[in-house]
Amino acid sequence: MSELRFAGKTALVTGGSRGIGRAICHRLAAEGAEILLHYHQDEKAAREVAGASPHFRLFQADLAHPAEIDRLITALGDTRLDFLINNAGVWLPSPVGETTVERMDRILDTNLKGPFWLVNRALPLLNTGARIINISSVAAKTGVAGGRSLYGASKAALESLTRNWALELAPRGILVNAVEPGYLATDMTAAHFRDPAVLRRAIDRHPLGRMSTPEDVADVVAFLCSDDARFITGQSLNVSGGFVI
Ligand SMILES: NC(=O)c1ccc[n+]([C@@H]2O[C@H](COP(=O)([O-])OP(=O)(O)OC[C@H]3O[C@@H](n4cnc5c(N)ncnc54)[C@H](OP(=O)(O)O)[C@@H]3O)[C@@H](O)[C@H]2O)c1
């Protein structure tokens, strides 16, 4: 079997400049995909992910704003997409009784409305048989300590979109799935895990003895993009190493 399973395929990866998004970019590129790397604030980091590879194109947008998504779609021009990976997100606290309207908007605009509008606008660009993969979280189905109800709600809603889009887009042969990481040590959780005791407790809650890595998640995204996953749609795949079962 050829190692370059994704040669000739094009992937748009949101939030590709760091963390899980960066690992997804590298994983799909390693198998031959052309990567449309979306980034938000850090062009330098995005350039570092792309390196000298001719198979990367960079696109900047704040996905919390529909007008910015429209600008991104315009920049894509007549590009055809095989994989759309909705990865960009924020993990902000929203304690009940203390949350502002601005905080609520920031979480929902980024984690829920962003993917919704991007998929709506990208539909004409998606090839038959394309894959949409939404990076959700185990928080979609469980309570999370630390006052992050809106984060969990945004991911639960993203999973609802996943199931409904799977039905709506099946006639075009487009498969839609979600991936649910558990805890990862990325920039997103860096402040949370600065306390070694908190980090230790998180590791101890993993039956497999370690937290997830971005590569654990990226490998599952690659599987869902592959022909091996051709009959999987509308699913949310837990990639938490038993952290949440
Ligand atoms: N880390 C975990 O433990 C964990 C667990 C479960 C699920 N997840 C999910 O996995 C995904 C990636 O997380 P990560 O750990 O890789 O986080 P990360 O390192 O903090 O990266 C988040 C990415 O999202 C982008 N982003 C945030 N707001 C944006 C906006 N308004 N417009 C466009 N892009 C925006 C960021 O770009 P800028 O920095 O430039 O804003 C960054 O590239 C998220 O959806 C997250 O919810 C993470």
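Read-outs: derived from the displayed coordinates by stated rules, not from any lab. Treat the numbers as computed from the prediction; the structure is a model and nothing was measured. When we count neighbours, we look across all protein chains shown, and the Cβ atoms used for this are built from the backbone with ideal geometry, even at glycine.
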Seminar exercise, completed: Given the candidates A197, A178, V13, the one whose Cα lies deepest towards the positive end of the charge dipole of region 10-236, counting +1 at each Lys or Arg C-beta and -1 at each Asp or Glu C-beta, is A197
For this session: Could you work out the relative contact order of the chain, using alpha carbon pairs under 8 angstrom and six or more residues apart, expressed as a whole percent?
Result: 19
Problem set entry | Distant-in-sequence amide H partners of L126 (H built 1.01 Å from N, under 5 Å) | L81
Exercise. In region 65-168, what GluC sites (Glu not before Pro) fall in a loop by DSSP, with at most 15 other Cβ atoms inside 10 Å?
Worked result: E98
Problem set entry | Karplus (6.51, -1.76, 1.60) ³J(HN,Hα), θ = phi - 60°, over region 164-177, in Hz, Gly and Pro reported as x | 6, 5, 4, 5, 5, 9, 4, x, 8, x, 8, 9, 10, 9
Seminar exercise, completed: Lys and Arg at +1, Asp and Glu at -1: neighbours of E98 with Cβ under 15 Å from its Cβ sum to +2
Problem set entry | Size descriptor, Kirkwood hydrodynamic radius, that averages inverse alpha-carbon separations across the chain, Å | 18.2
Problem set entry | Hz values of 3J(HN,Hα) by residue in region 64-72 - Karplus curve (6.51, -1.76, 1.60), Gly and Pro given as x | 7, 10, x, 5, 5, 5, 4, 5, 4
For this session: Determine ³J(HN,Hα), in whole Hz, for all residues of region 74-89 in sequence, where each value follows from phi through the Karplus function 6.51 cos²θ - 1.76 cosθ + 1.60 and θ = phi - 60°; x replaces Gly and Pro.
Result: 4, 5, 5, x, 9, 4, 9, 10, 9, 10, 10, 10, 7, 10, 4, x
Problem set entry | Between region 226-244 and region 40-56, the alpha-carbon center distance in angstrom | 28
Problem set entry | Cα-centred dipole magnitude for region 10-236, charges only on beta-carbon of K, R (+1) and D, E (-1), debye, nearest 20 | 320
